[in-house]
Amino acid sequence: MFKVLLISPRLKPIKTHLNQLKISNQFQFMYASTVNEGIDLAIDFNLNLIAFDIDYFKDQLSQIVLDFNQSLIIPPKFIALSSTEHLAFKAFQLGFYAYFLQPFNALDFKKLALRLKHDSPDLIAETKLCLQSHKDFQYINTNEILFLKADSNTTDIYLKNDKIVTAYKTLKVFEENLPKNFTRIHRSYIINKNHISRINFGKQRCTLLGTVIKIPFSKSFKPAIHHINQQLSGFALSALN
């Protein structure tokens with residue numbers, strides 16, 4: 001799977017269209033509405049595939065490419081999204097890897113995945129989270145994360161080894177960008193459903209595997225809990241006491 005950061009001021013219709021294409025087995029998308037927000041996410045989540053709506057940034061293309069190249073350790077590959085062919089020459093002059101005409105289709109992304117697997121197999125996403133503080137970079141395997149807890153404008157990340165890491169990002173940033181096995185179940189909590197061992201709907205608590213930790217979920221997030229329950233149940237046997 002490849003991780004792609006998509007930057008556009010009109011994210012809602014693009015998200016809707018991408019969901020309809022059903023390409024989530026090949027690409028995981030993260031989203032930003034501004035270039036600065038995009039650079040911030042690219043640094044935090046170690047992203048090297050950057051797609052953006054060049055119709056909205058056509059007068060800033062050179063500067064945007066320069067800003068990303070100077071901000072990331074590994075120069076990213078850029079993918080242009082446009083409603084016209086007129087900007088293709090300029091994009092390829094700047095070294096863009098691909099140029100998609102909107103509305104793009106699933107075949108566009110299948111071809112892109114094949115090219116990337118051949119040209120840059122190192123870009124196949126590992127589920128690692130990069131936390132940056134000044135010049136200090138810390139990498140966390142997302143499989144090691146049990147849950148995340150909001151603490152004002154920071155987030156505490158609880159790991160399997162009993163370690164707690166504090167990130168200077170809000171819980172909402174992680175909610176929007178972590179893999180699909182992470183679900184927000186409370187105003188203050190995101191849980192890794194792969195580590196859930198029990199859901200108690202009466203007490204509104206989730207218990208985590210190999211721990212005594214119980215994470216609360218709130219009524220407003222009950223649909224998310226029911227969805228997790230359905231996914232985890234599989235072939236379930238009911239026992240009557």
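Does the stretch 189-200 hold any residues that are open to solvent by 30 Å² or more (accessible area, probe 1.4 Å) and among the polar types (S, T, N, Q), and which are they?
Once the filter is applied, which keeps residues that are open to solvent by 30 Å² or more (accessible area, probe 1.4 Å) and among the polar types (S, T, N, Q), the stretch 189-200 yields Asn194, Ser197, Asn200.
Just the residues that are surrounded by 15 or more Cβ atoms within 10 Å (Cβ to Cβ) and either of a type in the set (Val, Ile, Thr) or touching a helix residue (DSSP H, G or I) at 6+ places or on another chain (Cβ under 6 Å) (or both), please, taken from the stretch 131-158.
Result: Ile140, Thr142, Ile145, Leu146, Leu148, Ala150, Thr155, Ile157.
One line per residue, one yes/no per condition, for (1) assigned to a strand (DSSP E or B); (2) open to solvent by 60 Å² or more (accessible area, probe 1.4 Å); (3) charged (D, E, K, R):
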residue: Glu85; (1), (2), (3): no, yes, yes
residue: Ala91; (1), (2), (3): no, no, no
residue: Asp108; (1), (2), (3): no, no, yes
residue: Leu129; (1), (2), (3): yes, no, no
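Exactly one condition in (1) more than 19 Å from Phe45 (Cβ to Cβ); (2) within 19 Å of the chain's Cα centre (by Cα); (3) at pLDDT below 85 is not met by Tyr189; state its number.
Of the numbered conditions (1) more than 19 Å from Phe45 (Cβ to Cβ); (2) within 19 Å of the chain's Cα centre (by Cα); (3) at pLDDT below 85, the odd one out for Tyr189 is (3).
Go through the stretch 57-70 and give me each residue that's open to solvent by 50 Å² or more (accessible area, probe 1.4 Å) and within 23 Å of the chain's Cα centre (by Cα).
Those that are open to solvent by 50 Å² or more (accessible area, probe 1.4 Å) and within 23 Å of the chain's Cα centre (by Cα): Asn69, Gln70.
Filter the strands (runs of 3 or more DSSP E) completely within the stretch 152-241 down to those with at least 2 residues that are within 24 Å of Asp136 (Cβ to Cβ).
Answer list for the stretch 152-241: 154-159, 164-167.
What residue, of Ala80, Ala113, is surrounded by 12 or more Cβ atoms within 10 Å (Cβ to Cβ), part of a helix (DSSP H, G or I), within 21 Å of the chain's Cα centre (by Cα) and small (Gly, Ala, Ser)?
Result of the check over Ala80, Ala113: Ala113.
Please go through the stretch 1-32 and give me each residue that is farther than 22 Å from His118 by Cβ and surrounded by 14 or more Cβ atoms within 10 Å (Cβ to Cβ), ordered by number.
Leu6, Ile7, Ser8, Leu11, Ile14, Lys15, Leu18, Met30, Tyr31, Ala32
Go through (1) on the phi > 0 side of the Ramachandran plot; (2) touching a Lys or Arg at 6+ places or on another chain (Cβ under 9 Å) for Phe45 and report which single condition fails.
Phe45 satisfies all of (1) on the phi > 0 side of the Ramachandran plot; (2) touching a Lys or Arg at 6+ places or on another chain (Cβ under 9 Å) except (1).
The values are calculated or read from the model by the stated rules, or taken from the named source; none is laboratory data. Being a predicted model, the structure only gives us computed values, none of them experimental. Ideal geometry is used to build each Cβ from the backbone, glycine not excepted, and the neighbour counts take in all protein chains shown. Surface accessibility is based on the protein's heavy atoms, side chains included, excluding ligands, DNA and RNA. Shrake-Rupley method; radii C 1.70, N 1.55, O 1.52, S 1.80 Å.
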